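To start, the structure under review is shown below, and the notes come after it.
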Amino acid sequence: MADLSARWAALGLLSPRSQPLPEGARARLVHLAELRDIGGPSEAARAGAEFAGERWFRGDLLGVRPWLVPDTPAREVVASVLPAEWTGFLALLGEYGPWVYAPDVRALQELSGSYSALVTAARSASEAEVLLAAERSLTLGAHRTLLVRLEATPYRQPTRSGVTADGLHDLETAFWTLAGTLAAQAHARWQARH
């Protein structure tokens, strides 16, 4: 157990399962926790100011947008996304989930479905498999911490047929790939128009 704790700590999680899941919170792990319609510069500035202090906000949004300046301050991230992709929805997928910027409702649903698949699979996996998948994912990018975030809560209910680390890694990779693809498509559409 000490070995697992040390490995979680190396991923930035000092106290696994220390955040309680109050009644009903288990279901909200995959529901929209925040949603803002970004229709122009004033909404982008407000959202940036409101969420700049959120731990994963900056990394999630910049991690899938290599065309943005990597050291953009958190307060200015949404304002930087807006002129590169134009209007969309800023959302937090679940209380411990990723921040996303989606061009439309369909894209938001796709991202939510992809994240939900990861949470559902991780819920039935053993801690050892989740940890191994989290370690693998983090090597692909500092923002790839979805499994680490989930493990802060007692969300898992392991089963004998739980998914493997490879399966979990593939699901997290699929989520971030989708987020990056949708962002790149929105960026390309915006560039083509201007």
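Using a simple spin-label model with pseudo-atoms 7 Å out from Cα toward Cβ, residue 184 and residue 10 lie 3.1 nm apart. Per residue, the accessible area of segment 1-79 comes to 58 Å² when a 1.4 Å probe rolls over the protein heavy atoms.
To put it simply, the accessible area of segment 55-182 at a 1.4 Å probe is 57 percent carbon and sulfur.
PRE reach from residue 160 (point 7 Å along Cα→Cβ): which of segment 110-133 fall under 17 Å by backbone N? Under 17 Å, as judged by backbone N against the label point of residue 160, lie 124-126 of segment 110-133.
Report the gain in length on full extension from residue 46 to residue 23: 0.36 nm times residue separation, minus Cα-Cα distance, nm rounded to one decimal.
Value of the extension gain: 5.1 nm.
Note on exposure: 171, 118 ranked by accessible area (1.4 Å probe, complete protein assembly) read 171, 118, with the most exposed listed first.
Over the chain, Cα pairs under 8 Å with separation of 6+ residues give a relative contact order of 28 percent. Kindly state, to the nearest 0.05, the FRET efficiency for residue 71 paired with residue 128, given R0 = 41 Å and r defined as their beta-carbon distance. Calculated transfer efficiency: 0.70. With θ taken as phi - 60° and the Karplus curve 6.51 cos²θ - 1.76 cosθ + 1.60 applied, the whole-hertz 3J(HN,Hα) list for segment 10-17 is 5, 8, x, 10, 6, 9, x, 6 Hz, x standing for glycine and proline. Using a simple spin-label model with pseudo-atoms 7 Å out from Cα toward Cβ, residue 105 and residue 84 lie 2.8 nm apart. Dipole check for the chain: with +1 at the C-beta of Lys and Arg, -1 at the C-beta of Asp and Glu, and the Cα centre as origin, the magnitude is about 60 Debye.
The values are calculated or read from the model by the stated rules, or taken from the named source; none is laboratory data. On a predicted model such as this, the values are computed, not experimentally measured, just so you know. Methodologically, a virtual Cβ is constructed for each residue, glycine included, from the backbone with ideal geometry; neighbour enumeration extends over all protein chains shown. Quick note on the areas: whole protein, heavy atoms, side chains included, nothing else; ligands and nucleic acids left out. Shrake-Rupley method; radii C 1.70, N 1.55, O 1.52, S 1.80 Å.
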